[in-house]
1. Across region 27-39, in residue order, what do the Karplus-derived ³J(HN,Hα) couplings come to in whole Hz, using 6.51 cos²θ - 1.76 cosθ + 1.60 with θ = phi - 60° and x for Gly and Pro?
2. Beta carbons within 10 angstrom, averaged per residue: use that to sort the peptides 46-53, 26-33, 59-66, highest first.
3. Report, by chain and number, residues whose modeled amide H sits under 5 Å from the one on S67, excluding near sequence neighbours (fewer than 5 apart, same chain).
4. 7 Å from Cα along Cα→Cβ at both K16 and V44: what's the point-to-point distance in nm?
Amino acid sequence: MLSPADSTFVVLKRLKYRRPVYEADQEHFHHRMARIAFSVRRTVLYFFGWTLLLVGYAVALRFIHYSDHHGHLHLGGSILAAALGLLVAAATIYLIYVLEILKFNRPGGRHQQLAR
């Protein structure tokens, strides 16, 4: 289900920290979810929902008439395709935020409160 994205993030992180890519660790998506206190059920629902969005978008792009295949866009179809793309992008960014794949400095966040 999430193998390509999960594997990519794990391998890139191992390369970043100069660790062997074949060595096991606890950096896979489901390990991250467990560390931040997600239940197995909630983890599966998050990933299943995200996967459904990605698949739904791929199928929608096949059937939405956003172009005449000669470089001319149809306004309604283009707007719908863009809106669905933004929804998928927002869901992906949210998942990256939840899993803390990218660290964001949060003003007044947990890291600053611990330093006090």
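1. 9, 5, 3, 5, 5, 4, 5, 5, 5, 9, 6, 7, 6
2. The most tightly packed comes first, giving 26-33, 46-53, 59-66.
3. H74
4. Distance between label points: 3.0 nm.
Each reported figure results from applying straightforward, stated rules to the coordinates on display, with no laboratory input. All of these numbers come straight from a predicted model, not from anything done at the bench. Every residue, glycine as well, gets a Cβ built from its backbone with ideal geometry; the counts of neighbours run over all protein chains shown.
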